[in-house]
Amino acid sequence: MSTPGWRWGPAPASMSAPDPTRVHPLPAHPRVVFLRPLITTEKISVGEYTYYDDPDHPEDFERECVLYDYRPERLIIGRYCALASGVRFLMAGANHRMDGVSTYPFAMYEGAWAQRTHDLIAFDAMRSPGDTVLGNDVWLGYGVTVLPGVRIGHGAIVGAGSVVTADVPDYGVVAGNPARLIRIRFSDEDVALLLRLAWWDWPVDKVTRHARMLMAGSPAELAAAAKASVQGGDS
C-alpha cells in the first residue's frame, strides 16, 4: 500500500543521479565512499552505487575490510548495496585445516616446515569454499562479519554485529552469531516478481525516475510503473 501523501511522479528532468565514478558522492560527508572506483584488485568486484560508510578511513576498505585474501577466491558485490562501518569479509585464506591433530599452519613458513607440509596446503586448496557473493540491494549493518564462500541474496538485510556463516536467501533478514533467518521481507510471489524486475539492472535514469517508489512503494506498484514505462517507450 502506498505511503499516504506520497506521489509517484517522475523526478524532474533537471535532477541527475550521483556520479558512480566519484569516490565521495556526498562532499559534506567524507565518511561515505562509492567502492567501485576505489577497488584496485581483480579479486574484488563491486557494482555501481554500492557504498561503504566509515568515520575514519573509508578509502581503506580494500585493506581493512577484506581480510586473508591470499587465495584465488573472489569477493563479488552487486549494485546499490549499503555497507555500514566495521563490515569485514573473511576470505578463504583465513581457513585452517581441521582434519589433523593440529590446526597450526606449518606450511606457511619457509624452510623445513614448508618442505615437509607444502603438499598438504596444495591439497587443501582443492577444497575451496568458492567466491563470497553479495547480490544487489543488500544492506549489511554495523560490524557485520561475512565468512568465506557465503552467498547473500538480492535485497537481503543483515543485522548489526551478525556473523554470517551460511547463505542468505533473496530478501531474507538475518541477525545473530551465527546469523539466523528472521523473516523474508516479501511473499514468495513478490520476491519472484522483484527478481524478474531486477530494478538494479535498469538504466540509472529509470532508477532515478522511480527512486521514491523504490524506497516506499510495493512490488506490485513497482511492476506497474515498470510496465507503464515500457508502454511509454522507456527502456
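Some notes on this structure:
- Scope the range 31-75; condition surrounded by fewer than 19 Cβ atoms within 10 Å (Cβ to Cβ), among the hydrophobic types (A, V, I, L, M, F, W, C) and assigned to a loop (DSSP other than H, G, I, E, B); matching residues: I39
- So G232, is it at pLDDT below 95, out of contact with any helix residue (DSSP H, G or I) (no Cβ under 8 Å at 6 or more places or on another chain) and at negative phi: yes
- Some residue of the range 12-28 being within 21 Å of A160 (Cα to Cα), at pLDDT 95 or above and among the β-branched types (V, I, T): no
- Residues being touching a Lys or Arg at 6+ places or on another chain (Cβ under 9 Å) and in a loop (DSSP other than H, G, I, E, B) - total across the range 80-96: 3
- Per the listing V204, V150, V164, V146, the residue uniquely under 18 Å from Y49 (Cβ atoms) and either β-branched (V, I, T) or without any contact (Cβ under 8 Å) to a residue 24 or more places away in the chain (or both) is V204.
- The sole residue among D201, D131, D137 that is surrounded by fewer than 16 Cβ atoms within 10 Å (Cβ to Cβ), within 19 Å of the chain's Cα centre (by Cα) and closer than 19 Å to G47 by Cβ is D201.
- Residue within the range 187-207 that is under 30 Å from Y68 (Cβ atoms) and not in a loop (DSSP other than H, G, I, E, B) present: yes
- The lone criterion from (1) outside any loop (DSSP other than H, G, I, E, B); (2) within 30 Å of M215 (Cα to Cα); (3) among the aromatic types (F, W, Y) left unmet by W113 is number (2).
- Beta carbons closer than 9 Å, at least 6 apart along the sequence or on distinct chains, pair a first residue in the range 129-143 that is on the phi > 0 side of the Ramachandran plot with a second that is polar (S, T, N, Q) for G143/S85; G143/S162.
The values are calculated or read from the model by the stated rules, or taken from the named source; none is laboratory data. Keep in mind that what you see is a predicted model, and the values were worked out from it rather than measured. Virtual Cβ from ideal backbone geometry, glycine too; neighbours counted across all protein chains shown.
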